[in-house]
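**Student:** Following this message is one structure expressed as structure tokens.
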Amino acid sequence: MKASDVKPEMQHIDLDLKIVEIEEPREFTSRTGRTGRVATAVGEDDSGRIKISLWDKDIDRVKVGSVVRIRNGYARLFRDEVYISAGMYGRLEVAE
């Protein structure tokens, strides 16, 4: 799959992207009281760019210039933009 093919509410997304931008992480508290960190990254492939939600430990693993593989991810619409995430059931791998 390519970045340009991703639509909101898609599931089972497999993508390889190069990270071109990462925002500063921010703290959050979920509705269930869980706390953590989240950061927005921008990844690109030859079809375009897409925003990626990085959660907790993944934030420290990913740097600008890294190539990441998202396996079994999902897409959602947030503030009128499409974001992808590995979520609970997928995984984010950083290529060496």
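**Student:** Fewest to most neighbouring Cβ within 10 Å: what's the order for 32, 40?
**Tutor:** Numbers: 32 5, 40 17.
Lowest to highest Cβ neighbour count: 32, 40.
**Student:** Mind checking the range 48-92 for trypsin sites (Lys or Arg not before Pro) that DSSP puts in a loop (not H, G, I, E or B) and that have at most 13 other Cβ atoms within 10 Å?
**Tutor:** 63, 79
**Student:** Provide, as a two-decimal number, the C-alpha radius of gyration of the chain over 2.2 N^0.38 Å, N being how many residues it has.
**Tutor:** Working: Rg = 12.5 Å, N = 96, 2.2 N^0.38 = 12.5 Å.
That works out to 1.01 for the chain.
**Student:** Determine which aspartates and glutamates satisfy two conditions relative to residue 63: a Cα distance under 12 Å, and not lying fewer than 8 residues away in the same chain.
**Tutor:** 21, 23, 24, 96
Every read-out reported here was derived from the displayed coordinates using simple, explicitly stated rules and does not represent laboratory data. Note that the structure is a prediction, hence the values are computed from the model and not measured. Methodologically, a virtual Cβ is constructed for each residue, glycine included, from the backbone with ideal geometry; neighbour enumeration extends over all protein chains shown.
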